[in-house]
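Data first, discussion second: the structure below is written as structure tokens.
The values are calculated or read from the model by the stated rules, or taken from the named source; none is laboratory data. Just so it is clear, the model here is predicted, and its values are computed rather than measured. Ideal geometry is used to build each Cβ from the backbone, glycine not excepted, and the neighbour counts take in all protein chains shown.
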Amino acid sequence: MREEQTLTQGSILKTLITFAFPVVLALLLQAAYGAADLIIVGQFAGTGEQSGVASGSQFFHLVTMMITGLTMGVTVFVGNAIGAGRTERAGRGIGTGIVLFTGIALVLTVLVVPGSTMLARFLHAPEEAFAQTSAYIRICGMGKVFIVAYNVIGAVFRGIGDSKTPLFTVFVACVINIVGDLVLVAGFGMGAAGAALATVSAQAVSVVCSLYLIGRKKLPFSFSRSFIRLDPVCVRGILWVGVPIALQEMLVQFSFLFIQIIVNGMGVTESAAVGVAEKVCVFLMLVASAYMQSISAFVAQNNGAGLPQRSRKALLYGIVTALMAGAVMGTLALLGGSVLSAVFSREPMVIAASHQYLKAYAIDCLLTAVLFCFIGYFNGCGRTVFVMVQGVVGAFCVRIPAVYLISQMEHITLFHIGLATPLSSVVQIFLCIGAYHLYRRRERPVDLC
């Protein structure tokens, strides 16, 4: 007997929260094992090693967000097919995704591993942290196939309405990574290289666990080995959703990478401080990020089932509940930024500079609660070209110019640099509100499958 999806039935608020809660926990654990590298390196190694992990992980965050954007195409395609009762089409979409992302993983490995030194130079890694940054990028590049596989598997589970299985697999990855960091960084003194090895090992174990669980579950779609090929209809449906999101994520994350590059030029302390603050921000944005993923899956299934009114109500409930969480997180960033930063570093100057940066993010905690819910809604509707456009406008018309102009002023702090992010969020929210009213009048969801 197959497990039934329930996103098209029952109370909208209860269903959305029930689905989103394991996603929040999974993102929390994912953030924890990502943060473990910086925490343990910060406690058992020097500022140079910490800067290397900060810069290297910022680059890989960009790459991973691009992959996550592409895999959103799998989530929406599978959710749409299941909502419409087309179980074989869902299975063929998953088979197409396997082939597609295997190729992407191999290309990334070939490009990143030999180019690690060039990438460290591109990041303007401080001289004291150059070798550490290069080593971190090279080792993580070797394990990119596992990171890609993990994201594809998670996308499939979200598409079928299962947010609990990814929670277990990311828990396994978290434990393995923390143990690996303690052994390699604290025990053997391997610094940034040890942190990278621990991360890759954790992802590999997580993928193996995911494949084992897939083999034991009753899945709500048809699948056979013959489906593992590039089906033209599935490729079109997946890429129609995934490519604009991936491009948007690449360009948006590049704007944050630009911030890191500008700050790297200010000194090793500022470089490490922004790396610490960005890790804290991952935790501050957990609820908003979880709603973005959850609303995408919810909307995809309900639109596929011909229930767009449930999708609109889910957007409203998501914004209201995410705003409440955003108010709490913003208060933590404003008043407790030093305490949060101290978890990742023992250097007083790094902690103080990180808190300055987090004060700007206190504003953005409220804004992203609204913005991410809108993005999740548009992704689920297949309106990803608009998602890309608003992301590009926010990144290249607001955030990057603002950071550059602010960096040219005298007596600036990281607080002033950080203000560029909430400024771009305001512009993007206005764009989303306008697009929502425009698309609602048309009332025709995109047919993906």
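Gly242: without any contact (Cβ under 8 Å) to a residue 12 or more places away in the chain and part of a helix (DSSP H, G or I), yes or no?
On the way: without any contact (Cβ under 8 Å) to a residue 12 or more places away in the chain: no; part of a helix (DSSP H, G or I): yes.
No, not satisfied.
Is at least one residue of region 237-259 among the hydroxyl-bearing types (Ser, Thr, Tyr) and within 21 Å of Met388 (Cα to Cα)?
Step one: list which residues in region 237-259 are among the hydroxyl-bearing types (Ser, Thr, Tyr), which gives 255.
Right, trim to within 21 Å of Met388 (Cα to Cα) and you get 255.
Scanning region 237-259, I find at least one residue that is among the hydroxyl-bearing types (Ser, Thr, Tyr) and within 21 Å of Met388 (Cα to Cα), so the answer is yes.
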Problem - Conditions (1) basic (Lys, Arg); (2) buried (at least 24 other Cβ atoms within 10 Å of the Cβ); (3) more than 17 Å from Ile153 (Cα to Cα): number failed by Arg86 - result: (2)
Fill in the blank from the handout: With the first residue restricted to region 213-234 and required to be more than 24 Å from Phe168 (Cα to Cα), and the second required to be in a loop (DSSP other than H, G, I, E, B), Cβ contacts under 8 Å at 6 or more apart or on different chains are Val233/Cys449; Cys234/Cys449
Problem - Only listed residue being surrounded by fewer than 21 Cβ atoms within 10 Å (Cβ to Cβ), modelled with pLDDT of 85 or more and out of contact with any His (no Cβ under 8 Å at 6 or more places or on another chain), chosen from Leu62, Leu28, Leu13, Leu70 - result: Leu13
Practice task
Using the structure shown, decide if Arg158 is basic (Lys, Arg), touching a residue at least 60 places away in the same chain (Cβ under 8 Å) and either over 25 Å from Phe298 (Cβ atoms) or touching a Ser or Thr at 6+ places or on another chain (Cβ under 6 Å) (or both).
Solution key: yes
Practice task
Could you please let me know if Leu211 is touching a helix residue (DSSP H, G or I) at 6+ places or on another chain (Cβ under 6 Å), assigned to a helix (DSSP H, G or I), over 17 Å from Val76 (Cα atoms) and at pLDDT below 85?
Solution key: no
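Conditions tested, residue by residue: (1) surrounded by 23 or more Cβ atoms within 10 Å (Cβ to Cβ); (2) modelled with pLDDT under 85; (3) within 19 Å of Ser425 (Cα to Cα); (4) hydroxyl-bearing (Ser, Thr, Tyr).
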position	(1), (2), (3), (4)
Val241	yes, yes, no, no
Gln253	no, yes, yes, no
Phe258	no, yes, yes, no
Ser271	yes, yes, no, yes
Met292	yes, no, yes, no
Ser296	yes, no, no, yes
Ala333	yes, no, yes, no
Gly336	no, no, no, no
Val339	no, no, no, no
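Could you please give the count of residues in region 310-361 that are farther than 30 Å from Gln9 by Cβ and either aliphatic (A, V, I, L, M) or without any contact (Cβ under 8 Å) to a residue 12 or more places away in the chain (or both)?
To start, the set of residues in region 310-361 that are farther than 30 Å from Gln9 by Cβ comprises 327-361.
Add one more test, that the residue is either aliphatic (A, V, I, L, M) or without any contact (Cβ under 8 Å) to a residue 12 or more places away in the chain (or both), and what stays is 327-329, 332-336, 339-340, 342-343, 348-353, 358, 360.
Total meeting the criteria: 20.
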Handout entry: Long-range neighbours under 6 Å by Cβ, at least six apart or interchain, first residue under 17 Å from Cys365 (Cβ atoms) within region 421-435, second among the charged types (D, E, K, R) and part of a helix (DSSP H, G or I)
Key = Thr421/Asp364; Pro422/Asp364; Ser424/Arg399; Ser425/Asp364
Exercise for the section: Kindly indicate which of Ile178, Ile160, Ile228 is more than 21 Å from Ala105 (Cα to Cα) and surrounded by fewer than 22 Cβ atoms within 10 Å (Cβ to Cβ). Expected result: Ile178
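Hey, can you tell me all the residues within region 84-99 that are assigned to a helix (DSSP H, G or I) and either under 23 Å from Gln301 (Cα atoms) or at pLDDT below 90 (or both)? Can you show your working first?
To start, the set of residues in region 84-99 that are assigned to a helix (DSSP H, G or I) comprises 87-99.
Answer for region 84-99, where residues must be assigned to a helix (DSSP H, G or I) and either under 23 Å from Gln301 (Cα atoms) or at pLDDT below 90 (or both): Thr87, Glu88, Arg89, Ala90, Gly91, Arg92, Gly93, Ile94, Gly95, Thr96, Gly97, Ile98.
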Exercise for the section: Would you confirm whether any residue within region 249-266 is farther than 28 Å from Val78 by Cβ, part of a loop (DSSP other than H, G, I, E, B) and among the aliphatic types (A, V, I, L, M)? Expected result: yes
Problem - Residue list for region 386-420, filter: of a type in the set (S, T, N, Q), in contact (Cβ under 8 Å) with a residue 24 or more places away in the chain and more than 25 Å from Leu247 (Cβ to Cβ) - result: Ser407, Thr413
Practice task
Looking only at region 362-383, decide whether some residue is more than 28 Å from Val241 (Cβ to Cβ), free of Cβ contacts under 8 Å to residues at least 24 places away in the same chain and not β-branched (Val, Ile, Thr).
Solution key: no
Practice task
Test each condition in (1) at pLDDT 85 or above; (2) over 20 Å from Ile245 (Cβ atoms); (3) in contact with a Gly (Cβ under 7 Å, 6 or more places away or on another chain) for Val78 and report the one that comes out false.
Solution key: (2)
Exercise for the section: For Cys397, work out the one condition from (1) under 24 Å from Leu438 (Cα atoms); (2) surrounded by 16 or more Cβ atoms within 10 Å (Cβ to Cβ) it doesn't fulfil. Expected result: (2)
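Report yes if Ser210 is of a type in the set (S, T, N, Q), more than 20 Å from Ile82 (Cα to Cα) and touching a residue at least 40 places away in the same chain (Cβ under 8 Å), otherwise no.
Numbers: of a type in the set (S, T, N, Q): yes; more than 20 Å from Ile82 (Cα to Cα): yes; touching a residue at least 40 places away in the same chain (Cβ under 8 Å): yes.
Answer is yes for this residue.
Residues are listed down the side, and each one gets a yes or a no for (1) touching a residue at least 24 places away in the same chain (Cβ under 8 Å); (2) not hydrophobic (A, V, I, L, M, F, W, C):
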| site | (1), (2) |
| --- | --- |
| Gln9 | no, yes |
| Phe19 | yes, no |
| Ala26 | yes, no |
| Gln43 | yes, yes |
| Phe77 | yes, no |
| Gly95 | yes, yes |
